[in-house]
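The block underneath contains the structure these notes are about, expressed in C-alpha cells.
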Amino acid sequence: MQKHQVLAVTGLILAAPLALAELQALDDEKLATVSGAGFGMVIENFLYDGTQATITINDITNGSGQNVPIAVKELYVGATGSNKGSNLQPVNIGRLSYPWTLDLVKGENLKTLRDDGQLVQTVPTNLSILSFAAPDKIFGAGGQPCISGYAAAGNNCSMRSTEKVDAGIRFDFSVTGSRTDVINMDFTELTMDGSYLRLWGDNSRQQLVGEARINLYAKTLEILSCATGAAGCNTAQELAARTIYFTNTYAQFALGYGKSQPLLFDVTSNGQFVLELPNPVAGVSNATTRNQIAADFYANAPRTNILIDNLNFGGTRSSPTAVPTGGYNFGRNEISGMSFNYLKVSSHDL
C-alpha cells in the first residue's frame, strides 16, 4: 500500500509548511524511476451553499449565431439529511486513513481492483503515471455500506455515512427569448469511493492518454426537466409529475484499459474535444499476439456496471429517501459487465 502525506483542510483554509529546494528538470527515463509518497487530502467541515446564487455561462451559440446562455442555480454540497439543500450542514469529505490522493507512481506499482476483488495491473510498466484518486474501496473486514440499507451495492466502501454528501444543481437553458428549459438534479448520500483518473504520455501516439474509473453511489437521485412558466411546470404536483426518481443507485463507469486500450484525449483543429477508446487489437497483425491481448482484455479490463434498484417516472416521495408512490414504476434496472471494443465521443457546435 502506498503511503501518503495527508493534508487536512479545515474550513477551506490550507496551512502547510514551506520547503525550499532546487528544482531540476527530469527526462522520461529519470521520471520512470520516481516512486514518491504522494499527497492525501481530507476536507473537514465542508459546506457549499449557492442556492441563492446564479452563475451565467455565455458565449455558447446556436447554428444561427445566437447566444444560448446557461444559468447555473441552486448549487449546494453538504452533509446528508439536507432535504434538497434546505437544511445544509458541514460534512467531512474523506478521512485520514482513506484520503483523496494525488500520486506520481510507476505503472507496475499501480493496481486496480476487479469486481471480484482481485488486484490486477491495468497500465503499462516502466512509465510514470499521474494518479488522482478518491478514497479506496475495501475488500474484507472494515468496509462500509456503499449505500445505506442496500446490501446489493456492497459493503466495501471506505467512507462512513457521516462522510457522504447531499448535492444538487439546476441548469436553466434560454432556448428562445420566451422559453427557458430547466434540468434540476438532487443527490442524497452520494459517494465516489474507488474512482480514479490516471494520465501519462504515449510516445507512439504522441498524445496524452489515460484511464478512468468513475464510481457513483447514491441513496436517491431526482432529475426534473420542464420549461419554466409553461403549462404543467408550476405547482409542486406538476413538477413532481415531471421528475424521474432513482432509488438505491450506483454506476461504475470504466473508461480505458491502459495496457491495450488507453483512453485517448485529443482536440481537433477547429477546437472540438475528442475522447476515444481504440480497439484493443487494432494494428496487431500476429494472430497469437492478437489472441493474447484479447484474452487479457476480456479477463482483466474493468467493466461498466449500472444498477437502479427502483426507477420511477412521476409520483412523490413520503420522505427524502423513500421509494416514490404514484406515477409509473419501472422497478429494478441493471446493466452488468459492459465493455467497449471501440468508442469515440466528440463535441460539436450547436
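Any residue that is surrounded by fewer than 20 Cβ atoms within 10 Å (Cβ to Cβ), in contact (Cβ under 8 Å) with a residue 60 or more places away in the chain and not hydroxyl-bearing (Ser, Thr, Tyr) - is there at least one of those in the range 211-222?
No, that holds for no residue.
Got a number for residues in the range 94-118 being farther than 20 Å from Ala251 by Cα and in a strand (DSSP E or B)?
Residues flagged as farther than 20 Å from Ala251 by Cα and in a strand (DSSP E or B) within the range 94-118 amount to 8.
Taking only the range 82-93 into account, find how many residues are open to solvent by 80 Å² or more (accessible area, probe 1.4 Å) and part of a strand (DSSP E or B).
0
Looking at the range 253-280 only, could you name the residues that are closer than 30 Å to Val323 by Cβ and either over 21 Å from the mean Cα position of the chain (by Cα) or crowded, with 20+ Cβ neighbours inside 10 Å (or both)?
Of the range 253-280, the ones closer than 30 Å to Val323 by Cβ are 253-254.
Once the filter is applied, which keeps residues that are closer than 30 Å to Val323 by Cβ and either over 21 Å from the mean Cα position of the chain (by Cα) or crowded, with 20+ Cβ neighbours inside 10 Å (or both), the range 253-280 yields only Ala254.
Select, from Gly194, Gly140, the only residue that is in a loop (DSSP other than H, G, I, E, B) and either of a type in the set (D, E, K, R) or surrounded by fewer than 17 Cβ atoms within 10 Å (Cβ to Cβ) (or both).
Details: Gly194 fails: either of a type in the set (D, E, K, R) or surrounded by fewer than 17 Cβ atoms within 10 Å (Cβ to Cβ) (or both).
Step by step, each of Gly194, Gly140 is checked, and only Gly140 is in a loop (DSSP other than H, G, I, E, B) and either of a type in the set (D, E, K, R) or surrounded by fewer than 17 Cβ atoms within 10 Å (Cβ to Cβ) (or both).
Condition check: touching a residue at least 60 places away in the same chain (Cβ under 8 Å) and either assigned to a strand (DSSP E or B) or under 30 Å from Val323 (Cα atoms) (or both). Does Met185 satisfy that? Please lay out each step first, then the result.
On the way: touching a residue at least 60 places away in the same chain (Cβ under 8 Å): no; either assigned to a strand (DSSP E or B) or under 30 Å from Val323 (Cα atoms) (or both): yes.
The answer is no for Met185.
Might you check whether a residue that is acidic (Asp, Glu) and either part of a loop (DSSP other than H, G, I, E, B) or modelled with pLDDT under 90 (or both) occurs anywhere in the range 31-52?
no
Regarding the range 296-303, can at least one residue be identified that is of a type outside the set (D, E, K, R), closer than 30 Å to Leu221 by Cβ and either touching a Lys or Arg at 6+ places or on another chain (Cβ under 6 Å) or surrounded by 14 or more Cβ atoms within 10 Å (Cβ to Cβ) (or both)?
Keep residues of the range 296-303 that are of a type outside the set (D, E, K, R), which gives 297-302.
Still in the list and also closer than 30 Å to Leu221 by Cβ: 301-302.
Subsequent filtering for residues that are either touching a Lys or Arg at 6+ places or on another chain (Cβ under 6 Å) or surrounded by 14 or more Cβ atoms within 10 Å (Cβ to Cβ) (or both) retains 301-302.
Looking for residues that are of a type outside the set (D, E, K, R), closer than 30 Å to Leu221 by Cβ and either touching a Lys or Arg at 6+ places or on another chain (Cβ under 6 Å) or surrounded by 14 or more Cβ atoms within 10 Å (Cβ to Cβ) (or both), one finds at least one in the range 296-303, hence yes.
Would you mind finding the one in Val123, Val72 that is open to solvent by less than 70 Å² (accessible area, probe 1.4 Å) and part of a loop (DSSP other than H, G, I, E, B)? Please lay out each step first, then the result.
On the way: Val72 fails: part of a loop (DSSP other than H, G, I, E, B).
After applying the criteria, what remains is Val123.
For the subset of the range 304-347 comprising residues that are within 18 Å of the chain's Cα centre (by Cα) and within 30 Å of Ala79 (Cβ to Cβ), which member is most open to solvent (accessible area, probe 1.4 Å)?
The extreme case among them is Ile306.
The values are calculated or read from the model by the stated rules, or taken from the named source; none is laboratory data. All values derive from a computational prediction rather than experimental measurement. With ideal geometry, Cβ positions are generated from the backbone for all residues, glycine too; neighbour counts draw on all protein chains shown. Heads up: the accessible areas ignore ligands, DNA and RNA and are worked out on the full protein's heavy atoms, side chains in. Shrake-Rupley method; radii C 1.70, N 1.55, O 1.52, S 1.80 Å.
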